[in-house]
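The values are calculated or read from the model by the stated rules, or taken from the named source; none is laboratory data. The shown structure was predicted, so the numbers you read here are calculated from the model rather than taken from an experiment. With ideal geometry, Cβ positions are generated from the backbone for all residues, glycine too; neighbour counts draw on all protein chains shown.
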Amino acid sequence: MAESPCKWRAACRCDSILRDSLDGRCAPFTVRKPDLEMPTTSIHGTPDYAELDALGLDPSEVIYFSSNINPYGPPASVVEAVQDEISRSFLARYPDSRSQRLREKIGAYHGLPPDAVLVGNGTADLIWLLAHAYGFQRHAAILSPTFSEYADGVIMAGGHPIRLPLPGWHRIRRRSYAPGGTTLAQTRQALETSSPWLVFICNPNNPSGEYLSPGEMRYLWEGAPNALWVIDEAYAEFTEDPWSAAQWVMGGRNGNLDRARGPGCVVLRSMTKDFALGGLRLGYLLAAPSIVERLQQMQPPWSVNGVAQLAGLVALDEMDWREETTTRLRRDLRDLQDGLRACGYAPLPTTVSYFLLPVGDAKSIRDRLVVERLFVRDCTSFGLPEHIRIAVRPPDENARLLEAMAQIDHLPTRQPDSRVNNNH
Ligand SMILES: Cc1ncc(COP(=O)(O)O)c(C=O)c1O
């Protein structure tokens, strides 16, 4: 193995790295520049149990504005079904390794055959699976700022993440972003230039909550028509007018996506968000059966436990509950944002149940609120050190947050309100 500059340095931005024996790309498992190619220490909005222990807090004593889940869930029918079913024999029995009944029900809901569905131990599990199946030594475009697991999964699979600015965002430093600047046309151009194998796009986006329409998605797609597009719709059902790229996964011309030219598209959905099943872990993906088969071969057996499968089956009968609670959340969100504006803050617009709030120094505001047992998401790890992300909760809890935020004398820097400039 000779030492020489990586041929792909424009894309992965390394300086000098050992060449592997294949084709002159970096060898991520042989030599990895620690500050460049290691995944981030997983930082999420979910409870950090070690931090809670250190603070002497029980998870039930804390209010999580930091976790984007439906605070009205899970549906009562799911809790009852789990309580009724749990028995010694149920717990002792291995679950169906293929989650077949659940796949059939999910497939029917999306108008797809069961073999176009793969169920996972949460969507995060499926993101890593996809990265390992398709990302080794390949470039994956990740429209950023966004959920960190796409880049982490790609890096751990020995691939190369290329962070491209999402429309409505621009890069201010290597991994820091600010609202405004990039148009849809510029993002498409960046996709064309980077020519990735994989594209990860979160729609609606976490943490910023903007939502590309089918037309905008198709327009972007043309920038990398031969890539495998992974469209993460974990939060779609929180929007007022959800749509799904599920219609595109089987190829054909229905979605006007020319599948003949490329490997196509995978849709990710999470049931831990809208049905609030975070403790059970449940997510699924929709893809052409050939893709599902390949992923299934790589998935560890019994990934999805029996309780999660049962909960998923019952939750899928609760679409009215989901509609009713997400409608309520949109009202709660309007009230919370109005309350924050009244205190001098400038929440950014969103289509979902969480939003970004410019606060100047996100870490200090988060630490300040922790004392009140109110957890918000410091967005530094997203490349947004001046923003916190707040997921709306029921009105009495939002009132507590407002009260605490009103006490904070450190008033935020104002940010432009209109981020998304989708001029083609
Ligand atoms: C965009 C996005 N996708 C996927 C996930 C993971 O979801 P799950 O709990 O189903 O693993 C998250 C969790 O925060 C997320 O924000």
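Rundown of residues vs (1) in a helix (DSSP H, G or I); (2) closer than 17 Å to Ser270 by Cα, yes/no style:
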| site | (1), (2) |
| --- | --- |
| Tyr109 | yes, yes |
| Ile127 | yes, yes |
| Ala133 | yes, no |
| Gln137 | no, no |
| Asp152 | yes, no |
| Leu164 | no, no |
| Pro167 | no, no |
Check: Out of (1) hydrophobic (A, V, I, L, M, F, W, C); (2) in contact with a His (Cβ under 6 Å, 6 or more places away or on another chain); (3) surrounded by fewer than 17 Cβ atoms within 10 Å (Cβ to Cβ), what's the single condition that is false for Cys379?
Finding: (3)
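Can you say whether Ala311 is modelled with pLDDT under 95 and either aromatic (Phe, Trp, Tyr) or surrounded by 18 or more Cβ atoms within 10 Å (Cβ to Cβ) (or both), as far as the supplied structure shows?
On the way: modelled with pLDDT under 95: no; either aromatic (Phe, Trp, Tyr) or surrounded by 18 or more Cβ atoms within 10 Å (Cβ to Cβ) (or both): yes.
So Ala311 does not fit the description; no.
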Note to self: Against the condition closer than 27 Å to Ser89 by Cβ, modelled with pLDDT of 95 or more, assigned by TED's automatic domain parsing to the domain that holds Trp197 and among the basic types (Lys, Arg), how does Arg269 come out, does it pass?
What the structure shows: no
Check: Which residue, of Asp332, Asp361, Asp317, is under 15 Å from Leu401 (Cβ atoms) and of a type in the set (Asp, Glu)?
Finding: Asp332
Next item on the list: Answer yes if at least one residue in the range 90-100 is over 21 Å from the mean Cα position of the chain (by Cα) and within 16 Å of the ligand (Cβ to nearest atom), and no otherwise.
Entry: yes
Next item on the list: State which residue is nearest to the chain's Cα centre (by Cα) when the search covers only the range 55-82 and only residues that are buried (at least 17 other Cβ atoms within 10 Å of the Cβ) and polar (S, T, N, Q).
Entry: Asn68
Check: When residues of the range 192-219 are filtered for being part of a loop (DSSP other than H, G, I, E, B) and within 16 Å of the ligand (Cβ to nearest atom), how many remain?
Finding: 10
Next item on the list: Within the range 172-206, work out how many residues are among the hydrophobic types (A, V, I, L, M, F, W, C) and under 14 Å from Trp229 (Cβ atoms).
Entry: 7
Notebook entry, point to check: What pairs come up if the first residue lies in the range 55-68 and is without any contact (Cβ under 8 Å) to a residue 60 or more places away in the chain, the second is of a type outside the set (Val, Ile, Thr), and their beta carbons are under 9 Å apart, counting only those six or more places apart or on different chains?
Noted result: Asp58/Leu52; Pro59/Pro47; Pro59/Tyr49; Pro59/Leu52
Note to self: The conditions are (1) assigned by TED's automatic domain parsing to the domain that holds Arg281; (2) crowded, with 17+ Cβ neighbours inside 10 Å; (3) within 23 Å of the chain's Cα centre (by Cα), and Tyr109 fails exactly one of them. Which is it?
What the structure shows: (2)
Margin query: Being assigned to a strand (DSSP E or B), at pLDDT 95 or above and within 21 Å of the chain's Cα centre (by Cα) is true for just one of Leu357, Leu348, Leu384. Which residue is that?
Written below: Leu357
